[in-house]
Ligand code: 9MR
């Protein structure tokens, strides 16, 4: 059990209530998402958990608000990897991991620990070292005991082993396989179980969503581990998918793992597309997210669907696959995309179809201090365009605009109205325009609903 926990100042500020929610209205229609049931509530009604990968430093403002309100599980995107937690042998850095665990506990969320044994993002002292297999084994055992032990009782599930297979189902040549043989997998699971008997222990991989040679290998491994009495509780299907390419055997594959007596989680769902996004691609992406979540809903032992970043501003895809992106359920301005509604509908939500031919305005607070704050409004168009715009809202708690840029703002009493500047009235289909402002506040700073029109 850990004896100390570090709460960062940033997190405290975030919990103190930086930003409540993004306000978004669609021009000429009702605000589709404002009244939607949060995904975590829909998931709970289905007996499922819905999660997202997160970056600890971003858990404030609109990002923190959505992470906390829409999801019932968090996976640290990088914070619990060996290279992060032990950059120098014997010197540990748990700051971001602790922050994410604290945030999750404050928001009544599970944490999926990711990941203990991987070939990637290991510290250089480990990968550059020369080790006998006895030394390697002991390093791995210590790592697992230390990290799992630190968070004992606080992690719902661990991705103990990540990406052990090649595409043809043979074992991947890694530090671990080459040094220890395939037995490293059973040992890692056994050590993790000893350190936290309550945590569910998973093997996690990509391109194992459908029935294929790689998922066959994973299936056979899990079957043999179960037969040998090794503590294996689940398999993680990462699901880094390409638009329009959800495997037709996804549900069948989930079911066959469930039938082996293990849980299944969709652990890293995203659906990337060639940029730029357009309304046809976004509609296909909605269908793809919906079919993945529906496949999980259909199998009782499929317990968790986690997206690998919930906003297009926070995805690994863009830098890894040049020319591809827009892979997550929220756009870069935190407006829900059609994909969000695909998830919602698969979880039984009755939300209306999202704006596919519309321009929307989203309000957020990007910085806040004792007496003032900086806010921004982003006007985004998809399947529509504007040649001029005006955004208005009513402040509910005495906030007062003091300065604006990239728009002309006037405030009369509580009513604020901001019109485009001479140079940014045009919002082309598929693009967005942002303006900013400073304002004063006291007491509370609730996010207003904004109207575009
Ligand atoms: O999202 C992670 C990204 O920030 C890192 O740069 C990257 C390095 O490999 O790892 C990403 O997460 C990976 C996850 O840990 C395992 N499955 C594949 C994910 C995407 O690369």
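None of the figures in this text is laboratory data; all of them are computed from the coordinates on show. All of these numbers come straight from a predicted model, not from anything done at the bench. Counting neighbours? That spans all protein chains shown, and the Cβs are built from the backbone with ideal geometry, glycine included.
A few comments on the model shown:
- Intensity falloff of the stretch 295-401 expressed as log10 I(q)/I(0), Debye formula with alpha-carbon point scatterers, at q = 0.19 Å⁻¹: -1.15
- Spatial separation of Cα centroids for the stretch 64-84 and the stretch 414-437, in angstrom: 32
- Sequence of 62, 328, 174 once ranked by neighbouring C-beta atoms within 10 Å, starting from the fewest: 174, 62, 328
- Rounded, prolate or oblate (a/c below 1.5 giving rounded, otherwise prolate when a/b exceeds b/c) for the stretch 279-341 by Cα gyration tensor: prolate
- The stretch 48-152 - convex hull of the alpha-carbon atoms, volume per residue in Å³: 104
- Per-q log10 I(q)/I(0), the stretch 214-304, q = 0.22 Å⁻¹ (Debye; single scatterer per alpha-carbon; no solvent): -1.04
- The stretch 392-449: projected area of the alpha-carbon convex hull, averaged over directions, in nm²: 4.3
- Largest-first principal axis extents of the Cα set of the stretch 87-212 (Å): 41, 40, 24
- For the stretch 347-411: Kirkwood Rh in Å [reciprocal of mean 1/r, alpha carbons]: 14.6
- A convex hull fitted to the Cα coordinates of the stretch 170-328 yields 126 cubic angstrom per residue.
- With Cα atoms, 0 to 90° folded angle of helix 183-195 axis to the chain main axis: 70
- Counted by neighbouring Cβ atoms within 10 Å, the residues 80, 273 run from fewest to most as 273, 80.
- Likely footprinting exposure, 316, 125, fewest C-beta neighbours within 10 Å first: 125, 316
- With a Förster radius of 35 Å applied to the C-beta separation of residue 259 and residue 145, the computed FRET efficiency comes to 0.60.
- Overall shape: oblate for the stretch 171-220, with the ratio a/c of the largest to smallest alpha carbon gyration tensor axis at 1.5 or above and b/c at least equal to a/b.
- D_trans [Stokes-Einstein, Kirkwood Rh over alpha-carbon pairs] for the chain, 20 °C, 1.002 mPa s, µm² s⁻¹: 92
- Taken over the stretch 177-257, the ratio of Cα radius of gyration to 2.2 N^0.38 Å equals 1.19.
- Within the stretch 84-243, percent of DSSP bridges classed antiparallel, to nearest 5: 15
- Three-way shape label, the stretch 109-175, alpha-carbon gyration tensor, a/c 1.5: oblate
- Antiparallel %, DSSP beta bridges [both residues in the chain], to 5: 60
- With Cα atoms, 0 to 90° folded angle of helix 213-227 axis to the chain main axis: 60
- The stretch 138-183: translational diffusion in µm²/s, Stokes-Einstein, Kirkwood Rh over Cα pairs, 20 °C, 1.002 mPa s: 174
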